[in-house]
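Let me begin by presenting the structure, written as structure tokens, before commenting on it.
The values are calculated or read from the model by the stated rules, or taken from the named source; none is laboratory data. Small disclaimer: the values here were computed from a predicted structure and weren't measured. No Cβ is skipped: glycine too gets one built from the backbone with ideal geometry, and neighbour counts run over all protein chains shown. With ligands, DNA and RNA removed, areas are computed over all heavy atoms of the protein, side chains included. Shrake-Rupley method; radii C 1.70, N 1.55, O 1.52, S 1.80 Å.
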Amino acid sequence: LIGLYGNELGLNVYVVGGFVRDLLLAINSKSNGTKSIPYDIDVVVEGDGLLFGKYVAKQLRAKYVEHPKFHTCSIFYRNGENKIIRIDIATARTEYYEEAGELPKVELSTIKKDLYRRDFSINAMAIKINSGSFGILMDFFNCKKDLEEGKIRILYPLSFIEDPTRILRAIRFEQRFGFEIEPNTLTKLEEAVENGYLEKVTGMRIREELEKILEEPQPMKAIKRMGKLKIILHLFEKTYYSPTLEKDLEKLFDVREYFKANLPNYLNKVRLFHIVLCVLLQYTPEESLKKITERYGLPKDFIKNLIQVKNVFNEISIDLNDKEKTSKLSYFYEKTNGFQNEQLIFLAVKLPEELLAKYYEYLRKIEKLKLSITGKDLLKKGYEGVQIKTKLEEIKKKLLNGEIQPGEEKNLI
Ligand code: ATP
């Protein structure tokens with residue numbers, strides 16, 4: 001239909017980028033049925049994309065949102081299966097148009113230039129969707145071959161210099177599809193990293209790409225690759241990627257799975273990005289931490305929270321031999337009372353294996369713990385100010401340790 005609207009307005013219309021890539025991958029892997037056809041569609045129009053978007057939205061009675069700064073628009077359309085399809089519409093550069101007689105050639109070079117400016121060959125194909133020429137694959141740079149051979153390839157030598165976020169995108173696509181960054185692209189990528197181009201990008205753009213990596217099904221693969229290629233060191237100036245650090249990161253993903261399955265409420269308001277950064281920045285000195293937290297827009301209390309967990313972790317390491325102390329659930333209450341969820345999860349990552357089961361037991365119990373008395377009851381009995389808080393905490397600890405049973409709290413006041 002969209003293509004038909006293109007004909008009505010006399011415009012060439014193409015689907016491009018990730019949609020085409022995923023469509024070709026889905027067709028190739030039909031036999032095992034593992035990949036589904038995507039629902040976010042990027043469309044490029046040779047002509048006025050905004051005008052076209054408005055027209056399409058009107059015809060389809062779809063929601064229309066304009067992004068004038070980028071000269072693009074999005075329409076949101078509910079299809080027959082009741083799924084929302086998002087269609088992003090952009091304008092191919094029209095300044096390459098020549099005289100009317102030359103139109104076909106110019107038409108090609110317009111979409112060609114658009115595709116040439118993209119990140120990698122696997123993302124640089126288009127399919128024409130005008131009726132009459134529907135389904136023609138525009139593959140100017142041997143892209144389909146790269147897709148079939150599993151290669152991530154830049155389209156021009158300065159690609160990573162022009163946009164260093166492509167360094168992170170290359171890793172993400174490589175690991176997602178089990179592809180390989182081809183040798184020349186890898187050399188250019190390493191040069192760009194080595195020459196400090198990642199440092200030239202705003203923290204927000206880096207953060208966006210890192211968060212996308214963390215949304216992948218197996219982020220650890222990409223993190224390992226970033227470690228080996230020294231990308232981590234260039235993103236976080238004092239973080240040398242080591243086997244110890246790798247173990248902590250692997251543990252983080254295991255711990256997260258455990259929380260998802262057994263303690264899901266603790267994942268409320270938790271951002272994986274923050275905890276990954278806690279792990280990556282655990283050895284970073286404070287003056288560097290300040291720079292880094294500002295650069296990546298981390299919350300104000302990030303450094304304080306990180307240091308708090310590190311201190312608690314050090315205290316716990318000292319107590320490790322004192323089995324009697326660490327075997328009580330109240331021990332974890334004393335250590336972590338007031339912690340935010342992100343801190344509780346980061347501590348689970350750092351905790352020695354022998355304490356982990358107890359710690360999880362504590363988290364399960366404290367989550368459900370409800371006292372049958374309140375501060376008011378204590379007030380009535382003559383307790384004052386800080387005494388009330390102390391007494392309530394003492395009662396909580398006894399409940400945690402099973403020294404009293406729920407309902408017996410009043411016997412203690
Ligand atoms: P995903 O499956 O992760 O959504 P995608 O390929 O659709 O992948 P987007 O970030 O939505 O990724 O980008 C859409 C398209 O825009 C890409 O396929 C690519 O052609 C182009 N693109 C995106 N980011 C860049 C970039 N930094 N440089 C060049 N082209 C880019």
Going through Q308, Q387, Q405 one at a time, which residue ends up being surrounded by 12 or more Cβ atoms within 10 Å (Cβ to Cβ) and over 29 Å from V279 (Cβ atoms)? Q387
Confirm whether I161 is β-branched (V, I, T), open to solvent by less than 30 Å² (accessible area, probe 1.4 Å) and within 13 Å of the ligand (Cβ to nearest atom). no
So Y331 passes all but one of these: (1) surrounded by fewer than 17 Cβ atoms within 10 Å (Cβ to Cβ); (2) over 30 Å from the mean Cα position of the chain (by Cα); (3) within 29 Å of T244 (Cβ to Cβ). Which condition number does it fail? (1)
Which one of the conditions (1) at pLDDT below 95; (2) of a type outside the set (D, E); (3) within 16 Å of the ligand (Cβ to nearest atom) does L137 fail to meet, given that it meets all the rest? (1)
State yes or no: is L155 of a type outside the set (D, E) and farther than 20 Å from D42 by Cα? no
Got at least one residue in segment 339-348 being open to solvent by 40 Å² or more (accessible area, probe 1.4 Å) and farther than 15 Å from V255 by Cβ? yes
